[in-house]
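These notes concern the structure reproduced below.
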Amino acid sequence: MEFRHASVLFNEVMDGLDPKPDGIYLDGTLGGGGHSNGICSKLGENGLLIGIDRDNDALKAARERLSQWQCRKEYVHAKFSEVKSVLAGLGIDSIDGALLDLGVSSFQLDNPDRGFSYMRDAPLDMRMDQTAKFTAYDVVNDYTKEQLTDVIRTYGEERWASRISEFIVKERRRKPLETTTELVDVIKAAIPASARREGPHPAKRTFQAIRIEVNDELTELRNAVDDYLDVLKPGGRLAIITFHSLEDRIVKEAFRTRYDPCICPPGLPVCVCGRVGDIERPGKPIVPGEEELEENPRSRSAKLRIAVRKQIPGV
């Protein structure tokens, strides 16, 4: 199956990163290489693109796609949160720009073997890194009712979390749930018909929650944002695309804290803690326009936030 991914907010990312011909740029979620294809098109022979992904299929597809460009390239099988160790392994101290596109790729959603989609029958998998052992099957069949409720409510923001987990536990007593279709049927049975008539697919929030749990996505993001800002050169840019409010809140708060790290008690006339922000004031999130929404409905929940590293006086 061909690794395709409609690169969300492509032009906005290119404008935000503003790649320089001899710069060093890192794509921490390489996917099929859509955004990196744009970055490489701006780089000269001395420019460097570093692509990180924990999906070996993505790395293979991106390597082929980006082979047309003359710039230097490094491909690394790793989590995007391991950026500092990746750069250390390459002997690089700092970079000119980085991108994190936190969406699941269209290939992963559409590949019937991966189990990400509630629209296709597949084994309960959902691993972004297929070398990992922990899968959606383990979450669905081994977690207690309380654990399932917490995951579905916290990561899926699903109002019917308790009822869904109750139905899952009841069904798996009869036999383990093994496929996405089986799980979807249980979710539909758990959510009252009146609640299923409006809004997104009834399984959307639960599948999102289980996927986040399997891949520990929010912990990885929390650990990563500051590290990415740390490795930017002065003037370097970090672009992050999120797809739900849980991710966006983490990015928004991390940027806010790096811009204004002051911990002085409210009401003091002047700052006495001495903490100085090291990024420029973050702007508002950028969202897809009407044309992109029509061409790529999966972009509808995307938000792009950009941070620019500044030079601290005296450093």
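Structural remarks
- Of residues in region 230-272 being under 26 Å from ARG153 (Cα atoms) and of a type in the set (Gly, Ala, Ser), the one most open to solvent (accessible area, probe 1.4 Å): SER245
- Total residues in region 221-269, condition among the charged types (D, E, K, R) and within 23 Å of ASP96 (Cβ to Cβ): 6
- Unique match (being in a helix (DSSP H, G or I), in contact with a strand residue (DSSP E or B) (Cβ under 6 Å, 6 or more places away or on another chain) and basic (Lys, Arg)) among ARG237, ARG258: ARG258
Yes/no matrix, rows are residues, columns are (1) at pLDDT 95 or above; (2) in contact with a strand residue (DSSP E or B) (Cβ under 7 Å, 6 or more places away or on another chain); (3) in a loop (DSSP other than H, G, I, E, B); (4) of a type outside the set (A, V, I, L, M, F, W, C):
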| residue | (1), (2), (3), (4) |
| --- | --- |
| SER117 | no, no, yes, yes |
| ASP125 | yes, no, yes, yes |
| PHE134 | yes, no, yes, no |
| ASN141 | yes, no, no, yes |
| LEU148 | yes, no, no, no |
| VAL151 | yes, no, no, no |
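- Consider region 273-313 and keep the residues that are in contact (Cβ under 8 Å) with a residue 40 or more places away in the chain and within 16 Å of ASP230 (Cβ to Cβ). The one that is surrounded by the fewest Cβ atoms within 10 Å (Cβ to Cβ) is GLN311.
- Taken as a whole, the structure leaves VAL169 outside the set of residues that are in contact with a Phe, Trp or Tyr (Cβ under 8 Å, 6 or more places away or on another chain) and either in contact (Cβ under 8 Å) with a residue 12 or more places away in the chain or over 21 Å from ASP110 (Cα atoms) (or both).
Residue-wise test of (1) crowded, with 17+ Cβ neighbours inside 10 Å; (2) without any contact (Cβ under 8 Å) to a residue 60 or more places away in the chain; (3) polar (S, T, N, Q); (4) in contact with a helix residue (DSSP H, G or I) (Cβ under 7 Å, 6 or more places away or on another chain).
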residue: VAL13; (1), (2), (3), (4): yes, no, no, yes
residue: GLY31; (1), (2), (3), (4): yes, no, no, yes
residue: CYS40; (1), (2), (3), (4): yes, yes, no, yes
residue: GLU45; (1), (2), (3), (4): no, yes, no, no
residue: CYS71; (1), (2), (3), (4): yes, yes, no, yes
residue: SER85; (1), (2), (3), (4): no, yes, yes, no
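- Test: residue in region 76-90 that is modelled with pLDDT of 95 or more, in a helix (DSSP H, G or I) and in contact with a Phe, Trp or Tyr (Cβ under 8 Å, 6 or more places away or on another chain): yes
- Taking the numbered list (1) free of Cβ contacts under 8 Å to residues at least 60 places away in the same chain; (2) in a strand (DSSP E or B) in turn, LEU100 passes all entries but (1).
The values are calculated or read from the model by the stated rules, or taken from the named source; none is laboratory data. On a predicted model such as this, the values are computed, not experimentally measured, just so you know. Methodologically, a virtual Cβ is constructed for each residue, glycine included, from the backbone with ideal geometry; neighbour enumeration extends over all protein chains shown. Side chains are part of the model used for accessible areas, which takes the heavy atoms of the whole protein and leaves out ligands, DNA and RNA. Shrake-Rupley method; radii C 1.70, N 1.55, O 1.52, S 1.80 Å.
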